[in-house]
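The values are calculated or read from the model by the stated rules, or taken from the named source; none is laboratory data. All values derive from a computational prediction rather than experimental measurement. Every residue, glycine as well, gets a Cβ built from its backbone with ideal geometry; the counts of neighbours run over all protein chains shown.
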Amino acid sequence: MSRTLSPVPRSVAVKVALTIRGRKFDLELGVIADTVSAEAMLPLFRSFAESFVDVAVKEAEAQGKKISCQKGCGACCRQLVPISAIEARQLAKMIEQMPPVRRQIIRQRFANARRKLDEAGLLESLLRPQELDDQRRESISAEYFSLGIACPFLEFESCSIHPERPIACREYLVTSPAQNCATPRPEKVERIASPVGDVWTWVARMDERATADYSGWIPLILGLDYVANYPVEPPPRPGNEWVEEFFRFVCKKPQESSPQEAKSA
């Protein structure tokens, strides 16, 4: 019996120069050169987010602060978690690959949460996040948290898919007392601020439905609805093109803390 081995993806070196808060970062990345799906680039996008968060953590520690997040503290897993279309499709595929009983349990949790949102009158608004302005999103986030809906992947107050968790979850770290997260008001919870803003928003903007006014965010809790309604994935592209588009969004970010210089070669 013979076995056909899959070819090893080719990679190219991509150089990226960033200036963040007056500090220069020169990155050389090994990026897939072959034509791949956006989902195939997700591990690299996650690594970007974690690298920038590491910078923020070091800055906080230099000020005498300490990250208070720890295993078993799942208050943030009851917040309205935003994800990108790329992540929604990845999570949906991951669920489909689970053993049948496990898959049924997770899908039932999504269904129960959806029903609870409908009963609370929040479902229709969250199914159309592109219509929510900042003020409405803030208020609906507070209403959502008050419902106590746990992430379908939360088990024993810990993330059951930690290696595959969304980028927004990777970027959410606090230095305030952990118990304050039970009532996550801005005056009580001090988040670590990434020097370039939230990376998950850059990934979300890579979806074709994103606009100047809508970053492309999707509520994690309704991610399966999104995939069912928009099953067509963006066409595959060479890996370096995905990276170039990613950093184009970085350069367009208007915040003072955003990178002032980015280039690829």
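Go through region 24-54 residue by residue and tally those that are polar (S, T, N, Q), assigned to a helix (DSSP H, G or I) and under 17 Å from Ala13 (Cα atoms).
1
Just to check your reading of the model, which residue among Leu126, Leu132 is among the aliphatic types (A, V, I, L, M) and in contact (Cβ under 8 Å) with a residue 24 or more places away in the chain?
When all the criteria are applied, what remains is Leu126.
Of these, Arg165, Arg185, which one is modelled with pLDDT under 95 and basic (Lys, Arg)?
Arg185
Could you grab me the full set of residues in region 128-144 that are buried (at least 17 other Cβ atoms within 10 Å of the Cβ), more than 18 Å from the chain's Cα centre (by Cα) and either part of a helix (DSSP H, G or I) or at positive phi (or both)?
Ile140, Tyr144
Quick one: in region 183-234, of everything that is in a loop (DSSP other than H, G, I, E, B) and among the β-branched types (Val, Ile, Thr), which residue is nearest to Thr35 (Cα to Cα)?
Per the stated criteria, the residue is Val232.
Mind listing whichever residues of region 84-105 are in contact (Cβ under 8 Å) with a residue 12 or more places away in the chain and β-branched (Val, Ile, Thr)?
Of everything in region 84-105, those that are in contact (Cβ under 8 Å) with a residue 12 or more places away in the chain and β-branched (Val, Ile, Thr) turn out to be Ile86, Ile95.
Of the numbered conditions (1) at pLDDT below 85; (2) more than 20 Å from Arg137 (Cβ to Cβ), Gly197 satisfies every one except a single condition; which is it?
(2)
Pairs only if they're at least six apart or on different chains, beta carbon under 6 angstrom, first in region 222-235 and on the phi > 0 side of the Ramachandran plot, second modelled with pLDDT of 95 or more; list them, first residue then second.
Nothing qualifies.
Is it the case that some residue within region 191-200 is surrounded by 19 or more Cβ atoms within 10 Å (Cβ to Cβ) and free of Cβ contacts under 8 Å to residues at least 60 places away in the same chain?
Within region 191-200 (the criterion being surrounded by 19 or more Cβ atoms within 10 Å (Cβ to Cβ) and free of Cβ contacts under 8 Å to residues at least 60 places away in the same chain), the answer is yes, since at least one residue qualifies.
Check Leu154, Leu147 and return the single one that is surrounded by fewer than 21 Cβ atoms within 10 Å (Cβ to Cβ), modelled with pLDDT of 95 or more and in contact with a Gly (Cβ under 9 Å, 6 or more places away or on another chain).
The unique qualifying residue is Leu154.
Going by the structure shown, is Pro238 at pLDDT 85 or above, touching a strand residue (DSSP E or B) at 6+ places or on another chain (Cβ under 6 Å), buried (at least 16 other Cβ atoms within 10 Å of the Cβ) and not aromatic (Phe, Trp, Tyr)?
yes
Mind listing whichever residues of region 55-79 are among the aliphatic types (A, V, I, L, M) and not in a helix (DSSP H, G or I)?
If the condition is that a residue be among the aliphatic types (A, V, I, L, M) and not in a helix (DSSP H, G or I), then Ile67 is the only one that fits.
Across region 155-197, what is the number of residues that are over 14 Å from the mean Cα position of the chain (by Cα) and closer than 27 Å to Ala92 by Cα?
The qualifying residues number 6.
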